[in-house]
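So the structure is just underneath, and the comments pick up after that.
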Amino acid sequence: FGDAPSHYMMNDPDWKLVWHPGHSYETLEAQLRNTLLTNPGEIVTGFQIHDRNGATTRWLDWFFRAVEGLTFKYRWHESLTLPVGLVNITTNIQNHFYMIETDGSEDSYHKAESGDAASVARYERELSFFMMDFDEMPGDARVMYYLGVDHISICQTLRWRANQRTDASSQGAWGSWRDELKQNRSKWDYYVRHHQLGVAYLRQRVWIAPEDATHAELHWASAYWLAYALDELAPEPAIDPPILGGIPSLGTGLVSESLHSTTARTSKEVEASALPNVGASAAWANAEESVRAYQRCIDLDRQRVDCIVLRARQLLGISQRMGPNGRTTIDAIRGVGPDGIGGGAGGDDGGDEEEEERVEEAGSGG
């Protein structure tokens, strides 16, 4: 409104705008005019997006004043950047409208560009953009997160398709979707490689890269994706524990190696840091590290009960498969030493006894 543009709004082509009851362009304009008078330093007006999964929502800062110097960073999953000295005060969260993210199988942007929102082609295309960003911004925590997520999303899509092809009676059995993928050697190798690279990027993001203060939620999401990748998407399940000295033991050394590796700032360095993800030792290392990653999620947000349950489930599964040595295994993953004192590596300090008891109780209830 006015003689020149007063505000700009950026949105994805597969979003649909919906006005809240009793609201319209006119009510929004009235609020924006009032804001210009009462709080001229306010630049951003947020809006809410209802995700295509139908269950979650998020706020975005892509509704902003028409001021000079505003730019977007990154080629994909862009981030609004304000020039130095311009304060971003995001207090004026409007409730006039919200956006609905359309289903990827419908007439959407992803449908037109890649066939579907969850297609392998979509994630391969996104990876090409992220790789260009990573080359220009080595070590960028945000790009590292999305590189990890898209590699793992390819694995997730392949697993879903394999499950669709397996007999319904075999779904849920260990290895059903894995056996389906292994029938095509090139497809299985493709899955294993993307899993290996995705985990390598997420490990860097979770265990090594500093938390990104401007996108703190991505640090929690990185831990969750890492735990999920090492748990449900692992190329091999942890079935028979390695035997060291006649005693079942995790003892692979793979996890401790990943936790103490150096920061990888380029794609070549990340690929070089990737650890084996097939074989019995790697399977158990994946299971162990997934517990640590779920614990990291809990440390960052203790309201996420799903992470507590998933961690408990993984602990119980490991304990049962370890047999008599199961209790020692749980203590080792917690970070509890032989003397019963916490302090092991991996972010699980064993210091919150009440939390551990709650986790055990959640798991023992069946």
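The values are calculated or read from the model by the stated rules, or taken from the named source; none is laboratory data. Here the structure is a predicted model, which means the values were calculated and not measured. Here Cβ is always computed from backbone atoms with ideal geometry, including for glycine, and neighbour counts include all displayed protein chains. Note: accessible area is taken over every heavy atom of the protein model, side chains too, but ligands, DNA and RNA are not part of it. Shrake-Rupley method; radii C 1.70, N 1.55, O 1.52, S 1.80 Å.
Within region 280-299, the residues that satisfy the criterion of being hydrophobic (A, V, I, L, M, F, W, C) and within 17 Å of the chain's Cα centre (by Cα) are VAL291, ALA293, CYS297, ILE298. Residues being exposed (fewer than 14 other Cβ atoms within 10 Å of the Cβ), at pLDDT 85 or above, closer than 19 Å to TYR98 by Cα and out of contact with any Phe, Trp or Tyr (no Cβ under 9 Å at 6 or more places or on another chain) are entirely absent from region 2-15.
Within region 57-69, the residues that satisfy the criterion of being without any contact (Cβ under 8 Å) to a residue 40 or more places away in the chain, assigned to a loop (DSSP other than H, G, I, E, B) and open to solvent by less than 70 Å² (accessible area, probe 1.4 Å) are ASP61, VAL67, GLY69. Taking the criterion of being among the polar types (S, T, N, Q) and not in a loop (DSSP other than H, G, I, E, B), the only residue of region 40-56 that qualifies is GLN48. Remark: pairs (first residue in region 266-286, farther than 19 Å from PRO235 by Cα; second residue open to solvent by 10 Å² or more (accessible area, probe 1.4 Å) and of a type outside the set (A, V, I, L, M, F, W, C); Cβ separation under 7 Å; 6+ apart in sequence or on different chains) = THR266/PRO138. Quick check: anything in region 286-302 modelled with pLDDT under 80 and open to solvent by 60 Å² or more (accessible area, probe 1.4 Å)? So far as region 286-302 goes, no, none of its residues is modelled with pLDDT under 80 and open to solvent by 60 Å² or more (accessible area, probe 1.4 Å).
Residues that are at pLDDT 60 or above and open to solvent by 20 Å² or more (accessible area, probe 1.4 Å): list the helices (runs of 4 or more DSSP H) wholly contained in region 172-279 that include at least 2 such residues. So that I can check it myself, show each step before the final result.
Values: elements: 176-182, 185-203, 217-231, 254-259, 267-273.
The helices (runs of 4 or more DSSP H) meeting that bar are 176-182, 185-203, 217-231, 267-273.
Would it be correct to say that ALA117 is modelled with pLDDT under 85, open to solvent by less than 60 Å² (accessible area, probe 1.4 Å) and either aliphatic (A, V, I, L, M) or part of a loop (DSSP other than H, G, I, E, B) (or both)? Answer is yes for this residue.
Return yes or no: is HIS20 open to solvent by 40 Å² or more (accessible area, probe 1.4 Å) and either under 30 Å from ASP133 (Cα atoms) or not hydrophobic (A, V, I, L, M, F, W, C) (or both)? Yes; evaluated as a whole, the condition is true for this residue.
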